[in-house]
Amino acid sequence: MTTQVVDRGEAVRLEGVSKIYGQGRAGLLALDKVSLTVAPGEFVCLLGASGCGKSTLLSLVAGLDQPSGGQIATDGRKVAMMFQEPALFPWLTVSANVELALRAAGLPKAERRARAAEYLDIVHLGGFGRKRPHELSGGMRQRVALARALAQCSGSEEAAVLLMDEPFGALDAMTRDLLHDELERIWRERELSVLFVTHNVREAVRLGDRVVLLSSRPGSVVEEFPIELARPRRTDSAEVAGLAAKITDRLKEEVVRHGR
């Protein structure tokens, strides 16, 4: 097992990555020889049945866990992670929550405040820095979490990698749709490379340049779907719905195969 940084022009590269939890007969194979690349500036969505290892894969790329085998490379880019729950510290202000990533980078207080204000402006929360998380709506808290993730990439010479683990799954449809627009705007402006986990097939087609389907446990790549629809896209458009139906049928086949 090795984790390395190499220069081959890919923002993320996984080669034969496996992950086993436990040892011996009690060991659980979560991922089995996953090979996957994300090009610089590409938006890739991961789909698969519950328990197929999507979140595990993100944790490995983020360095929160180590693979049992294979190689992971991010070409020296900074990697930020955004989870389904905002996970904001309730006793801190919005600005202070964003500043945490900058504090870890050793930036002085005045610069941290200025940078935090900049990232809050990017997610359209300028003027909310003094609020506490409980004073914000669910969608606004997710915007703060996104601003914090962007702050984790602060100072990167290369366009950063943003890992997103079902960040909008708990939101209502309207708020989710608005945040899709915001995310797409930020992705374009910041030239981010995004690896996005979701259970929502239409969301994947709405956002992705490519949708990667993982098998049921143990997770491995079974099919990839390039999304060649023009942007901007609407979740309820006929084109998005048609392609989502095709991918859903393939996903059902995989779920049924696992069930048997």
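Every read-out reported here was derived from the displayed coordinates using simple, explicitly stated rules and does not represent laboratory data. Quick caveat: nothing in here was measured; it's all calculated off a predicted structure. Because the Cβ atoms are built from the backbone with ideal geometry, glycine has one as well, and the counts that use them run over all protein chains shown.
Can you put Thr248, Thr56, Thr235 in order, fewest other beta carbons within 10 Å first?
So the residues, fewest neighbours to most, are Thr248, Thr235, Thr56.
Which whole-Hz couplings ³J(HN,Hα) result when phi for each residue of region 74-83 is put into the Karplus expression 6.51 cos²θ - 1.76 cosθ + 1.60, θ = phi - 60°, listed in order with x for Gly and Pro?
Karplus-based 3J(HN,Hα) across region 74-83 equals 10, 6, x, 6, 6, 10, 10, 10, 10, 9 Hz.
Shape call for region 1-100 from the C-alpha gyration tensor, a ≥ b ≥ c root eigenvalues: rounded (a/c under 1.5), prolate (a/b greater than b/c) or oblate? It would help to have the intermediate numbers written out before the result.
Details: a/c = 1.98, a/b = 1.31, b/c = 1.51.
Note, shape of region 1-100 comes out oblate.
Between Ala173, Phe89, Val221, whose Cα lies farthest towards the positive end of the dipole of the chain when Lys and Arg beta carbons carry +1 and Asp and Glu beta carbons carry -1, centred on the Cα centre?
Highest projection toward the positive end goes to Phe89.
With unit charges on the beta carbon (Lys/Arg positive, Asp/Glu negative), name the residue among Val144, Thr37, Met164 whose Cα is farthest towards the positive pole of the charge dipole of the chain.
Projecting each Cα onto the dipole axis, the largest value belongs to Val144.
Just to confirm a number: summing +1 for Lys and Arg and -1 for Asp and Glu over residues other than Ile20 whose beta-carbon lies under 14 angstrom from that of Ile20, what do you get?
Working: positive: Lys19, Arg25, Lys33, Arg217; negative: Asp32, Asp65.
Combined, the nearby Lys, Arg, Asp and Glu give +2.
If you take the square roots of the eigenvalues of the alpha-carbon gyration tensor of region 63-171 and sort them as a ≥ b ≥ c, do you get rounded (a/c under 1.5), prolate (a/b over b/c) or oblate?
Numbers: a/c = 2.14, a/b = 1.37, b/c = 1.56.
Verdict is oblate for region 63-171.
Give me the dipole magnitude in Debye, nearest 20, for region 172-223 about the Cα centre, with unit charges on the beta carbon: positive for Lys and Arg, negative for Asp and Glu.
Numbers: 8 positive and 10 negative charges, 42 e Å.
It comes to approximately 200 debye.
Roughly how many debye, to the nearest 20, is the charge dipole of the chain about its Cα centre, given +1 on each Lys and Arg Cβ, -1 on each Asp and Glu Cβ, and no other charges? Please list the in-between numbers first.
Details: 35 positive and 34 negative charges, 135 e Å.
It comes to approximately 660 debye.
Place a point 7 Å from the Cα of Glu118 along the Cα-to-Cβ direction; which residues of region 55-90 have their backbone N under 18 Å from it?
78-80
Any idea how many Lys pairs in the chain come in under 28 angstrom at the alpha carbon, given 8 or more places apart or on separate chains?
Here the count comes out as 13.
Check which residues have an amide H placed less than 5 Å from Gly69's amide H, if you skip close sequence neighbours.
Placed amide hydrogens put Ser18 under 5 Å from Gly69.
Which shape class applies to region 58-125: rounded if a/c is under 1.5, otherwise prolate when a/b exceeds b/c and oblate if not, where a ≥ b ≥ c are the square roots of the Cα gyration tensor eigenvalues? Write out the running numbers ahead of the final one.
Numbers: a/c = 2.42, a/b = 1.88, b/c = 1.28.
It is prolate, given that a/c is not under 1.5 and a/b is the larger ratio.
Using a Gaussian network model of the chain whose springs link C-alpha atoms within less than 10 Å, name the residue from Lys131, Lys19, Lys33 with the highest mean-square fluctuation.
It is Lys131.
Test of understanding: what is the full-extension gain from Glu253 to His134, defined as 0.36 nm times their sequence separation minus their Cα-Cα distance? Could you put the intermediate results ahead of the total?
On the way: separation 119, 0.36 × 119 = 42.84 nm, distance 4.23 nm.
Difference between extended and current length: 38.6 nm.
By count of other Cβ within 10 Å, fewest leading, how are Asp75, Asp172 ordered? Numbers along the way, then the final one.
Values: Asp75 17, Asp172 11.
So the residues, fewest neighbours to most, are Asp172, Asp75.
State to the nearest 20 debye the size of the charge dipole of region 140-210 about its Cα centre, where the only charges are +1 on K and R beta carbons and -1 on D and E beta carbons.
Here the size comes out at about 160 debye.
Just flag the GluC sites (Glu not before Pro) in region 153-217 sitting in loop per DSSP whose Cβ has no more than 16 other Cβ atoms within 10 Å.
On the way: sites: Glu157, Glu158, Glu182, Glu184, Glu189, Glu191, Glu203; in loops: Glu157, Glu158, Glu191.
Those that pass, being in a loop and sparsely packed, are Glu157, Glu158, Glu191.
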